[in-house]
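Q: Can you keep this structure in mind? I'll have questions shortly.
The values are calculated or read from the model by the stated rules, or taken from the named source; none is laboratory data. Not measured: the values here are computed from a predicted model. Note that each Cβ is placed from the backbone with ideal geometry, even for glycine, and that neighbours are counted across all protein chains shown.
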Amino acid sequence: MQILPDLISIYRKLPVKPLNRPLNKLYKIYKSRNKNKTVIAEVDGIKYQLDLTEIIDSSIYYEGCFEPMTTAVIKKHVREGMTVLDIGANIGCHTLLFAKLVGRGKVISFEPMSWAYSKLKRNIELNDFNNIKLEKIALSNVIQTSQDIYFRTSWTLDGTSQGPNNKEIIDFITLDEYIIMHNIDKVDFIKLDVDGYEYKVISGGLATLKRDKPLLLMELGVYSLQGAGDNIHDLVNTLTGIGYKFYSENNLNRFQNSDAMINSIPKDGTINVLCKYETL
């Protein structure tokens, strides 16, 4: 079973994919027969406890990673010795990869929701990484304690949610305040995926972004930002105003302008973009 992710990865890289339709059918049947299993598996040198009813877990187990294009961007840009922030870590699919890549560097992983946090903590415990700092707090543009809020953390194969749907009491802090409190000298890379709170996180971290100019790999959705009371144009203008340019995660080509990037976002969906600080 452990070789299946490698075989799938190899097949997907083939220029011509023979028997694509019947193999996809067999693959779906196989996944459906194992969908109620919870397994401990090692994938790409990292151990996970995986619930195969969950989309993220199932993707790691069967396909070798969750969000393959995001994973490719991370592997291309994250290096030994970096300090990386994983903001919205969920079960740790990217946190653990960051830890593997940075080596003697540091990963700070933020996940405020109890259901995902417990899974993230378990996955960290299965490995020997000593470079991960786990934080059960949320980042925003203000400091607020004991806030009653809900962030979705579970996406199942059948479209339901296994994680708790009730609100939780969580604390918010700004990125800038966190950096000061913990005496972090330099941030090199940020992954940001927080269900529409992206603009709030950026607004609360402007001093850090201006100081360190880290690479920023971020999820963007018009509807998700609106759901948090924000506007994508404000987010984009804020980042471009301090020198950031936007690149497509798919091919790492730079968007011609902000409108081109915004127009590429599906109406009811999201895209991931890589933001780089660039001087004129």
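Q: Can you find, within the range 54-89, the residue that is surrounded by the fewest Cβ atoms within 10 Å (Cβ to Cβ) among those that are at pLDDT below 95 and part of a loop (DSSP other than H, G, I, E, B)?
A: E67
Q: Quick check on the range 251-268. Is at least one of its residues of a type in the set (S, T, Y), part of a loop (DSSP other than H, G, I, E, B) and in contact with a Ser or Thr (Cβ under 8 Å, 6 or more places away or on another chain)?
A: yes
Q: Find the residue count for the range 237-250, including only residues that are among the aliphatic types (A, V, I, L, M) and either assigned to a helix (DSSP H, G or I) or buried (at least 17 other Cβ atoms within 10 Å of the Cβ) (or both). Talk me through it step by step, then tell me what you get.
A: Of the range 237-250, the ones among the aliphatic types (A, V, I, L, M) are 239, 242.
If we keep only those that are either assigned to a helix (DSSP H, G or I) or buried (at least 17 other Cβ atoms within 10 Å of the Cβ) (or both) as well, we get 239.
The number of residues fulfilling the criteria is 1.
Q: Could you look through the range 93-111, keep only residues that are at pLDDT 95 or above and either under 20 Å from D195 (Cα atoms) or among the hydroxyl-bearing types (S, T, Y) (or both), and pick out the one that is surrounded by the fewest Cβ atoms within 10 Å (Cβ to Cβ)?
A: Filtering the range 93-111 for residues that are at pLDDT 95 or above and either under 20 Å from D195 (Cα atoms) or among the hydroxyl-bearing types (S, T, Y) (or both), the one surrounded by the fewest Cβ atoms within 10 Å (Cβ to Cβ) comes out as I108.
Q: Can you work out which of the residues in the range 207-223 that are in contact (Cβ under 8 Å) with a residue 12 or more places away in the chain and over 20 Å from Y247 (Cα atoms) is farthest from the chain's Cα centre (by Cα)? I'd like the intermediate steps shown before the answer.
A: First pass over the range 207-223, keeping only residues in contact (Cβ under 8 Å) with a residue 12 or more places away in the chain: 207-210, 212-223.
Going one step further and asking which of them are over 20 Å from Y247 (Cα atoms), we end up with 207-208, 223.
On the way: A207: 22, T208: 20, Y223: 18 Å.
By that ranking, first place goes to A207.
Q: Next up: Please return the ranges of strands (runs of 3 or more DSSP E) entirely within the range 93-197 where 1 or more residues are in contact (Cβ under 8 Å) with a residue 12 or more places away in the chain and of a type in the set (K, R). Spell out the reasoning first.
A: Values: elements: 106-110, 132-135, 138-140, 144-149, 168-174, 189-192.
In the range 93-197, 106-110, 132-135, 189-192 are the strands (runs of 3 or more DSSP E) which contain 1 or more residues that are in contact (Cβ under 8 Å) with a residue 12 or more places away in the chain and of a type in the set (K, R).
Q: Condition (residue is of a type in the set (F, W, Y), within 24 Å of I56 (Cα to Cα) and touching a strand residue (DSSP E or B) at 6+ places or on another chain (Cβ under 9 Å)) applied to the range 230-250: is it met by at least one residue?
A: The answer is no; no qualifying residue exists.
Q: Follow-up. Taking Y199 as the residue in question, decide whether it is at pLDDT 95 or above, among the aromatic types (F, W, Y) and outside the structural domain of I40 (by TED's automatic domain parsing). First the steps, then the outcome.
A: Values: at pLDDT 95 or above: yes; among the aromatic types (F, W, Y): yes; outside the structural domain of I40 (by TED's automatic domain parsing): yes.
Spelling it out, Y199 is indeed at pLDDT 95 or above, among the aromatic types (F, W, Y) and outside the structural domain of I40 (by TED's automatic domain parsing).
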